[in-house]
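Undergrad: Sharing a structure with you now.
A short reminder: the numbers here are calculations on the coordinates, not readings from a lab. The structure displayed is predicted, hence computed values, not measured ones. Don't worry about glycine lacking a Cβ; one is built from the backbone with ideal geometry, like all the others, and counts go over all protein chains shown.
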Amino acid sequence: MHHFIYRDKNMYCEDVPVQNIAEEVGTPFYLYSYATLNRHFLIFDEAFNGLTRLVCYSAKANTNQAILKLFESLGGGLDIVSGGELYRGLHAGFSPDRIVYSGVGKRIDEIDYALETGILMFNVESIEELRLIDERAGLLNRRAPIAIRVNPDVDPKTHPYISTGLEKNKFGIDAQTAIEGYKIANELQNIEVVGIDCHIGSQITEAEPFNEALGNLKDLIHKLEKMGIGIEYLNMGGGLGITYDDESPPQPHEYAKPIVDSLKNSKLQLILEPGRVIVGNAGVLITKVLFRKSGKVKEFVITDAGMNDLMRPTLYKAFHDIKPVVKNENRQIVADVVGPICESSDFLAVDRRMPDVERGDLLAVMSVGAYGFTMSSNYNSRPKAAEVMVKGDQFHVIKTRQSYKDLVEGESIPPFFDV
Ligand SMILES: *Cc1c(COP(=O)(O)O)cnc(C)c1O
């Protein structure tokens with residue numbers, strides 16, 4: 001469910017005609033619906049009613065300050081994967097004790113930053129990282145709360161690029177080594193074992209992999225208890241999928257039910273790290289048709305947004321529905337919707353059946369609220385798009401479009417050039 005719907009021929013975001021925003025802001029721009037963001041967060045959180053839980057929104061899906069602030073105000077926590085995301089989270093007002101820190105490659109300065117901030121816990125992804133955190137905590141005179149990110153070796157049945165919980169993946173620590181890790185952690189002076197963590201992949205559209213992971217984690221918790229290592233927090237990670245095309249992922253309550261049933265009589269506190277399921281369908285990318293072109297074997301629709309703005313089609317061959325902002329009665333064509341970037345892999349859609357369009361028409365690339373803007377780049381020196389949020393009949397630019405000046409920011413000519 002989202003709030004990008006047609007009234008008559010015109011696409012609205014909540015109560016604002018999308019075309020009006022395009023006229024004021026220019027294209028391309030990301031457009032988010034406040035009502036959708038709000039609803040998605042609450043539906044997800046409330047699915048776990050009856051359990052003590054903390055929904056730590058996964059910042060990397062969309063790190064705009066307005067979006068972070070909204071989830072903070074709804075009582076959410078934050079899952080971060082870098083010092084930059086920690087900065088953004090604190091800047092948006094998240095209390096450190098609602099922040100968990102994942103990621104396979106934490107740097108010393110990032111670890112120190114998180115220790116000094118006093119976050120809820122580190123999700124530790126290797127034994128070396130565990131020892132480093134202990135060492136840094138010692139130097140800074142802190143105790144470091146940790147969970148070990150266990151790789152439960154379940155197949156999430158998703159795109160290989162976004163599965164993370166298989167033995168061959170770089171993430172987490174396999175169950176056997178994790179037990180060793182907990183033994184070590186338990187003896188390290190400056191480490192406090194508080195939790196266990198997993199995150200098995202992204203865009204998961206079946207319930208089974210989550211249940212399997214939960215079962216594996218609970219087995220581990222039992223083993224650890226027998227060893228005298230108590231676990232307070234169980235972190236199930238993120239990964240619940242959304243409908244891009246014709247997928248039918250479990251609804252949040254269906255995803256939550258086995259977890260709630262399994263944990264309601266335990267003292268464990270639940271942590272979740274949803275990203276995509278909260279923000280994915282709350283955002284669209286509005287782009288303008290620059291040109292039409294008929295090749296020998298293909299029709300092309302050339303737009304002013306490309307892989308620099310939305311990387312997912314190029315990176316994962318991801319499908320995003322593309323809709324006209326103003327519906328027309330044109331004949332159907334089959335076309336590649338391509339961007340302005342000088343790469344053959346710069347496409348938003350391939351062989352897409354769609355109503356014909358012409359120069360100046362506006363298109364909405366759907367379901368781009370997650371991993372859209374955050375993956376965008378300045379390739380080909382294209383300024384990053386603006387981001388806009390609508391609430392009811394109001395809209396606000398939550399990130400201004402970059403200027404050309406922004407493109408050269410921080411660059412300098414070495415004095416030894418002598419020119
Ligand atoms: C990316 C990520 C998430 C969020 O994944 P979604 O599929 O967007 O829900 C959660 N936890 C960790 C550790 C991640 O890396």
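Undergrad: Over what distance in Å are the Cα centres of the range 391-408 and the range 126-158 separated?
TA: Rounded to whole Å, the Cα centres lie 37 Å apart.
Undergrad: Which GluC sites (Glu not before Pro) does the range 341-419 hold that lie in a coil by DSSP with at most 11 other beta carbons within 10 Å?
TA: Working: sites: Glu343, Glu358, Glu387, Glu409, Glu411; in loops: Glu343, Glu358, Glu409, Glu411.
Answer by residue number: Glu358, Glu409, Glu411.
Undergrad: Sticking with this one: Just name one of Leu54, Ala213, His3: the one whose Cα is farthest towards the positive end of the charge dipole of the chain (beta-carbon charges, Lys/Arg +1, Asp/Glu -1).
TA: His3
Undergrad: So what's the Cα pair-distance distribution over the range 34-276, bin width 10 Å, in %?
TA: 8, 34, 39, 18, 2, 0
Undergrad: With +1 on each Lys and Arg Cβ and -1 on each Asp and Glu Cβ, and nothing else charged, work out how big the dipole of the chain is about its Cα centre, in Debye to the nearest 20. Intermediate values should be presented prior to the final figure.
TA: Numbers: 45 positive and 58 negative charges, 122 e Å.
Approximately 580 debye in magnitude.
Undergrad: Tabulate in residue order the Karplus-calculated ³J(HN,Hα) for the range 248-262, using 6.51 cos²θ - 1.76 cosθ + 1.60 with θ = phi - 60°, rounded to whole Hz; enter x for Gly and Pro.
TA: With coefficients 6.51, -1.76 and 1.60, one gets 10, x, x, 6, x, 5, 6, 5, 6, 4, x, 5, 4, 4, 6 Hz.
Undergrad: Report the extension gain between His253 and His396 in nm, rounded to one decimal, defined as 0.36 nm multiplied by the number of residues separating them, less their alpha carbon distance.
TA: On the way: separation 143, 0.36 × 143 = 51.48 nm, distance 3.20 nm.
So the extension gain works out to 48.3 nm.
Undergrad: Could you give the distance between the Cα centres of the range 320-338 and the range 52-114, to the whole Å?
TA: 38 Å
Undergrad: For the pairs Lys60/Lys327; Lys60/Lys323; Lys60/Lys317; Lys69/Lys106, flag any whose C-alpha to C-alpha distance is greater than 28 Å. Before the final figure, lay out each step's value.
TA: Numbers: Lys60/Lys327 33 Å; Lys60/Lys323 26 Å; Lys60/Lys317 20 Å; Lys69/Lys106 25 Å.
Correct reply: Lys60/Lys327.
Undergrad: Looking at Ile271, Gly228, Val334, which one has the Cα that reaches farthest to the positive end of the dipole of the chain (charges on Cβ: Lys, Arg +1; Asp, Glu -1)?
TA: Val334
Undergrad: Also, quick follow-up: Step through the residues of the range 239-247 one at a time and calculate ³J(HN,Hα) from phi using the Karplus curve (6.51 cos²θ - 1.76 cosθ + 1.60, θ = phi - 60°), rounding each to whole Hz and writing x for Gly and Pro.
TA: x, 4, x, 10, 8, 8, 10, 10, 5
Undergrad: Still on this model: Note the full-extension length gain between Ser344 and Lys317 as 0.36 nm times their separation in residues minus their Cα-Cα distance, in nm to one decimal. It would help to have the intermediate numbers written out before the result.
TA: Values: separation 27, 0.36 × 27 = 9.72 nm, distance 1.31 nm.
Between Ser344 and Lys317, full extension yields 8.4 nm more.
Undergrad: Using all Cα-Cα distances in the chain, what percent lands in each 20 angstrom bin from 0 up to the longest?
TA: Binned Cα distances yield the sequence 26, 52, 21, 1.
Undergrad: Hey, another quick one. Which one of Val100, Ala66, Val81 is farthest out on the positive end of the charge dipole of the range 65-136, using unit charges on Cβ (Lys, Arg +1; Asp, Glu -1) and the Cα centre as origin?
TA: Value computed over the given set: Ala66.
Undergrad: Kindly provide the helix-only [θ] at 222 nm of the chain, computed as the sum of -39,500 (n - 2.57) over DSSP H runs of four or more divided by all residues, to the nearest 500 deg cm²/dmol? Each step should come with its number before you reach the end.
TA: Values: 12 runs with 121 residues, N = 419.
Estimated from H runs of four or more residues: -8500 deg cm²/dmol.
Undergrad: Under 15 Å Cα to Cα from Lys168, which aspartates and glutamates show up? Leave out anything in the same chain fewer than 8 places away.
TA: Glu125, Asp153, Asp155
Undergrad: Same structure, new question: Between Leu290, Leu348, Leu139, where does the largest GNM mean-square fluctuation fall for the chain, given springs only between Cα atoms within less than 10 Å?
TA: Leu139
Undergrad: Can you work out the Karplus-derived ³J(HN,Hα) for every residue in the range 352-361? Use 6.51 cos²θ - 1.76 cosθ + 1.60 with θ = phi - 60°, whole Hz, and x for glycine or proline.
TA: For the range 352-361, the Karplus-derived couplings read 8, 7, 7, x, 4, 10, 9, 3, x, 5 Hz, x marking Gly and Pro.
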